[in-house]
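Structure, as structure tokens:
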Amino acid sequence: MGELTTPQEIVAELRDGMTIGIGGWGSRRKPMALVREIYRSNLKDLTIVSCGGPDVGLLCTAGKVRKLIAPFVTMDSVALEPHFREARKARTIEFAEYDEGMFMFGLLAAAHRLPFMPTRAGLGSDVMTVNADLQTVTSPYEDGEELVAVPALTADVSLVHMDIADTRGNGRYLGADPYLDDLFAKAAARTFLSAEELTRPGELGGPPQALLVSRMHVTGVTETPGGAHFTSIGSGGQRDESFQRHYAKSAADPEAWKAFEDRFLSGDEATYQSEVHKWHEEQA
Amino acid sequence: MTVTAEASRAEVCVVACAEAWRGDGEILAAAMGTCSVLGARLARSTFEPGLLTTDGGALLTSEPIPLGAAGEPEGWLPFREHLWLVQNGRRHVMMGASQIDRYGNSNISAIGDWAQPKSQLLGMRGAPGNTICNPTSYWIPRQSPRVFVEQVDIVSGVGYDKRTWLGLNGSRFLDLRRVVTDLGVYDFRGPEHQMRLVSVHPGVTVEQAKEAAGFELALPEGGDVPETRQPTAEELRVIREVLDPRALRDKEVTA
């Protein structure tokens, strides 16, 4: 069962060198308040497992990442993530590149305590040559087919974000896509859940199929209003597109990034949220 | 002047993309890029009504919908189900590519040396699995020798020259169908499955198509390259009035 906690207490549970799974997909329903808390921490040498978006970019530019395990890093409406691109160009991170399907099978293996899951995805491509983690396996049956053995992507801690959670750590999403968040939760030794809104147990509402994350996999739960910002959230998948463009533009230029960092990331989460609010007023 | 003669290059491209799914029946038409998405929905609206198409998100819509519009769902296809469907195979995807070579190897991962790329792109995304598991076509809005390259820097999507390495089992679902660009239509029916120029779009010469390729293109038997077919009046009506009234296609292909 998830204990009621805070972003600060969650990040205090993390250690240098840990493998951290981050839920969401690209620039969609990312636990950004928790990511920002890591950004402000002294943590280092993390291995990040993520369908990457601005979470990966922020942690790369903050020097938190030793290794990234991901099938892509994108912000969807802005195709490329400047901080991630710079980290690759400057070779400041190790990168284990996956195909999307392989990545999901790696989480499925971890979630079900299997050493690997077999798939054809990856065969013949450079995923197999650039990613030293990957091996093949031969089918023991008559076909004798050679398949990729996608290793379990097990994490020490996963961080996922839901639209609504109850105080026990059960989580519900409002959009059309669960992404891989329940798998991230099951693939980790401990999972911390942040949510836009907390309710009392029994008051999550909605269709039962949307109750994606179970308290049995959750160690701590915290309420972070605006915690996915600027990534998409809610039933319509709303994203703060203008602020995302501001982030992307700033991230692509060192001076502009310093100004962005000073204004939005040097203070606490409340400062971030109020500065974003002010920024929008200035744009109006 | 007939109505069809007024088709823009983008509209010719949309129809050429749509043709990729002709004969596919009841499978998912997965598309990336404006003309490709329009092509999938146009094919379903006209000659390939069994196709399944999405709202660009997690929903399969009950009818082909205009770009950017919402539609009533007839099915649910979040990313995880999409990834399973790739393995299942009832899917023909039309992807983009930053580089593609004569055997259909494609790159969306990075430019330069993988270990320290000159330019990091999206990453592999689903290209390795797509190409090895279900039919794959490509939509390339701006053909140039920088895109049609002798050799891709990184193999994201698998090409036909990998068949020997893959063996009979590994390559049995490798099925690269066609490449549509702003200049013409290509398939992989050249010698040893090399890329072949199938047709050039109206107003484009064979020389232009060749010059915009960084490798030698195979030509149809006999050497005569036909013109890509013009949209029918009904296809133009569906594109202009139903699927893309804001003419977003003309922003992707300006010729």
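Read the figures in this text as sums done on the coordinates, not as results from a lab. Small disclaimer: the values here were computed from a predicted structure and weren't measured. Note that each Cβ is placed from the backbone with ideal geometry, even for glycine, and that neighbours are counted across all protein chains shown.
For the reader, a short list of remarks on this structure follows.
- P(r) tail, region B:4-252: Cα-Cα pairs separated by more than 25 Å, 41% of all pairs.
- Placing +1 on the Cβ of every Lys and Arg and -1 on the Cβ of every Asp and Glu, with nothing else charged, gives region B:127-244 a dipole about its Cα centre of roughly 360 debye.
- Charge dipole (Cα centre; +1 on Lys/Arg Cβ, -1 on Asp/Glu Cβ; no other charges) of region B:4-252 amounts to roughly 520 debye.
- Within chain A, antiparallel bridges make up roughly 30 percent of the DSSP beta bridges whose residues both belong there.
- Simple rule: put +1 on each Lys or Arg Cβ and -1 on each Asp or Glu Cβ in region A:134-237, find the dipole, and look at A:Gly206, A:Thr167, A:Tyr141; the Cα lying farthest toward the positive end is A:Thr167.
- Antiparallel bridge percentage (DSSP; both residues within region B:4-252; nearest 5): 50
- Put simply, the amide H of A:Ala188, placed in the peptide plane, has neighbours under 5 Å in A:Ala155, leaving out anything fewer than 5 places away on its chain.
- Neighbour-limited loop hits for chymotrypsin sites (Phe, Trp or Tyr not before Pro), region B:11-76 (at most 16 other Cβ within 10 Å; DSSP other than H, G, I, E, B): B:Phe47
- Per-pair calculated FRET efficiency, R0 = 45 Å: A:Arg200 and A:Asp16 via Cβ, rounded to 0.05: 0.75
- The antiparallel fraction among DSSP beta bridges confined to the protein assembly as shown stands at about 40%.
- Extension gain for A:Thr136-A:Gln209 works out to 22.8 nm (0.36 nm per residue, less the C-alpha to C-alpha distance).
- Net lengthening on full extension, A:Gln238/A:Met216 (0.36 nm per residue, minus Cα-Cα): 5.0 nm
- FRET efficiency, 1/(1 + (r/R0)^6) with R0 60 Å, evaluated for A:Asp143 and B:Ala255 via beta carbons: 0.80
- Inter-chain Cβ neighbour count for A:114-120, averaged per residue, equals 3 (cutoff 10 Å, partner chain atoms only).
- Gyration tensor (alpha-carbon) shape descriptor, chain A, a/c threshold 1.5: oblate
- Here the calculated FRET efficiency for A:Asp45 and A:Glu3, from their Cβ-Cβ distance with R0 = 22 Å, stands at 0.25, rounded to the nearest 0.05.
- Amide H contacts of B:Val179 (H built 1.01 Å from N, under 5 Å, at least 5 apart or other chain): B:Tyr138, B:Tyr186, B:Asp187
- Cα gyration tensor shape for the protein assembly as shown, rounded if a/c is under 1.5, else prolate or oblate: prolate
- For B:Met94, nonlocal amide neighbours, meaning residues 5 or more places apart or on other chains whose placed amide H falls under 5 Å from its own, are B:Ala30, B:Ala31, B:Met32, B:Ser137.
- Anisotropy class of region A:59-140 from Cα gyration tensor, a/c 1.5 cut: prolate
- From the alpha carbon centroid of region B:224-255 to that of region B:167-190 is 23 Å.
- Spatial separation of Cα centroids for region A:1-20 and region A:99-147, in angstrom: 31
- Each label was represented as a point 7 Å from its Cα along the Cα-to-Cβ direction; for B:Glu74 and A:His112 these points are 3.1 nm apart.
- Proximal lysines relative to B:Lys162, as straight alpha-carbon distance under 26 Å, when same-chain residues fewer than 8 apart are discounted: B:Lys118, B:Lys210
- 3J(HN,Hα) along region A:22-27, derived from phi through the Karplus expression 6.51 cos²θ - 1.76 cosθ + 1.60 where θ = phi - 60°, amounts to 10, x, x, 7, x, 9 Hz, with x in place of Gly and Pro.
- Distance between modelled label sites at B:Glu211 and A:Ala270, nm, 7 Å Cα→Cβ extension: 6.6
- Sequentially through region A:170-184, phi angles give Karplus couplings (6.51, -1.76, 1.60; θ = phi - 60°) of 7, x, 10, 10, 9, x, 8, 10, x, 6, 10, 5, 5, 5, 4 Hz, Gly and Pro residues having no value and appearing as x.
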